[in-house]
Amino acid sequence: MTGVVTPTARVRDPLRPVTYSLPTTIVFGRDVLSRLPDITRDTGVKYPLVVTDRGLAATDIPARVADTLRAADIRFELFAEVESDPSTDLVDRIGTLLVQNAHDGVIGLGGGSAMDAAKAAAAVATNGVKAAELTGPDKVREDPLPVIAIPTTAGPGSEVTKFAVLTDHAAGAKLSIASMAIMPQWAILDPALTVGLPPKFTLATGLDALCHAIESYGSAWNNPISEGMALQAINLIGANLRTAYHFPGNLEARAGMLAASCIAELAANTTRLGLGHALGVPMGATHSVPHGLAVGMMLPPMCRFNAEAEPHRYERVATALDPTADDLDAALGALYRDIEMDCRLSQFGVTPADFDRIIDLAVRSDNVLANPREADRDDLAALLAQAL
Ligand SMILES: NC(=O)c1ccc[n+]([C@@H]2O[C@H](COP(=O)([O-])OP(=O)(O)OC[C@H]3O[C@@H](n4cnc5c(N)ncnc54)[C@H](O)[C@@H]3O)[C@@H](O)[C@H]2O)c1
Ligand SMILES: [Fe+2]
């Protein structure tokens, strides 16, 4: 007899042991960048390297940070050559610079790329190995140099994660250092630093944060602490992403988004993510799809797939995103329309012939295991096909 089989969700263990540890002190709000000198001194850092990216070097942000340090007589150097999706080679270069100049701390200033490069280089400098040797779970043996993270996108939330995502060009893959040792000591969240972010990056980074929150809430490995934070992050993004996109100077919307990106990763740091990131991350390496757009394209298909197994959970996500909604597909559709998110994978040169390679990389990720519904290779191909 043939019939429609109702998909089932993985069984969640409400008593799954979890360690919730936050070694990062977060300062958030108006003008908190002015606290950088005190924070640097309190951390015992006397000669930091400020690590930032090429795009930011064209804005006044590095100069504002430099002026703040100079006014407090803190000696520092600036490294402004991080590229998007930083490579292991670049991180090795920064690690060597840290050792040669005898820096005693790192200030990671920028989006996920600059913060990840800073976190990884701080570990390379003290562990005396190449960045590639630190990728994978718990490979960091020696404490890294102290890191102060200052996000300028909202965002990857790297300021509060144990991950640094690096690109290995030789392997054509993205690899992560995953270790609580690389959590920054401080996260300085000053929303004014994000007002100059162009709308296309507001969109991409905002969707990244939304994916973190929804995937964490859906995760088979979630816990009561992470669930509350994930819902609050979804709520903040529903309330603020449209305004941040259309009115970049609106500081309250920027603050809401910066808080959301941080809170989403506070949740995801203990839960892992889901199929959106499992499939989206590899496409950063295989087709140079910007991270936020890649995961943003995979989010609606993934939610439809997971909601078939766990409808009530995704109704709660819909209501968090839009209090008047109970259909997540419709709520996401309305948000994407309002922020003009209409990217397709084909625009980045992805074709069905690439699916196998992307899926080979995706199945290596524990984000597949954390996803609330089991997915085989055919399921993953079907999700990619929906985003073509
Ligand atoms: N470590 C983690 O936990 C984690 C989580 C998610 C994503 N990531 C990684 O983070 C990276 C993506 O980070 P991202 O999305 O923030 O992008 P990004 O850091 O590559 O920055 C994107 C662009 O925005 C520009 N920019 C940043 N802030 C700006 C500002 N205030 N004004 C003007 N321009 C600004 C940058 O110069 C760059 O050109 C990827 O490598 C991804 O894999 C890491
Ligand atoms: Fe992400």
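The values are calculated or read from the model by the stated rules, or taken from the named source; none is laboratory data. Since the structure is predicted, the reported quantities are computational estimates derived from the model, not experimental observations. Methodologically, a virtual Cβ is constructed for each residue, glycine included, from the backbone with ideal geometry; neighbour enumeration extends over all protein chains shown.
Below, the figures for the structure above:
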| read-out | value |
| --- | --- |
| Inter-residue pairs, beta-carbon under 7 Å, first in the same structural domain as A121 (by TED's automatic domain parsing) and in segment 145-170, second aromatic (F, W, Y) and near ligand 1 (Cβ under 6 Å from one of its atoms), 6+ apart | T153/F201 |
| Tally of residues being surrounded by 24 or more Cβ atoms within 10 Å (Cβ to Cβ) and out of contact with any Cys (no Cβ under 9 Å at 6 or more places or on another chain) across segment 205-225 | 13 |
| Residue among L273, L207 that is under 11 Å from the mean Cα position of the chain (by Cα) and not in a helix (DSSP H, G or I) | L273 |
| Candidates A71, A114, filtered to the one that is modelled with pLDDT of 95 or more, out of contact with any Lys or Arg (no Cβ under 7 Å at 6 or more places or on another chain) and surrounded by 24 or more Cβ atoms within 10 Å (Cβ to Cβ) | A114 |
| Restricting segment 351-374 to residues that are within 17 Å of L175 (Cβ to Cβ) and not in a helix (DSSP H, G or I), the residue that is modelled with the highest pLDDT | V363 |
| Condition check for G218: within 16 Å of ligand 2 (Cβ to nearest atom) and not assigned by TED's automatic domain parsing to the domain that holds A63 | yes |
| Test for R344: is it modelled with pLDDT under 95 and surrounded by fewer than 15 Cβ atoms within 10 Å (Cβ to Cβ) | no |
| Complete set of residues in segment 35-62 that are without any contact (Cβ under 8 Å) to a residue 60 or more places away in the chain, in a helix (DSSP H, G or I) and either buried (at least 18 other Cβ atoms within 10 Å of the Cβ) or over 25 Å from the mean Cα position of the chain (by Cα) (or both) | P37, D38, R41, D42, G55, P62 |
| Identity of the residue in segment 152-183, part of a strand (DSSP E or B) and within 13 Å of ligand 2 (Cβ to nearest atom), that ends up modelled with the lowest pLDDT | K174 |
| Top-ranked residue of segment 279-289 - restricted to ones that are more than 11 Å from ligand 2 (Cβ to nearest atom) and not β-branched (V, I, T), ranked as surrounded by the fewest Cβ atoms within 10 Å (Cβ to Cβ) | S288 |
| Pairs where the first residue, in segment 81-104, is farther than 22 Å from A171 by Cβ and the second is of a type in the set (D, E, K, R), C-beta under 6 Å, 6+ apart | D104/K46 |
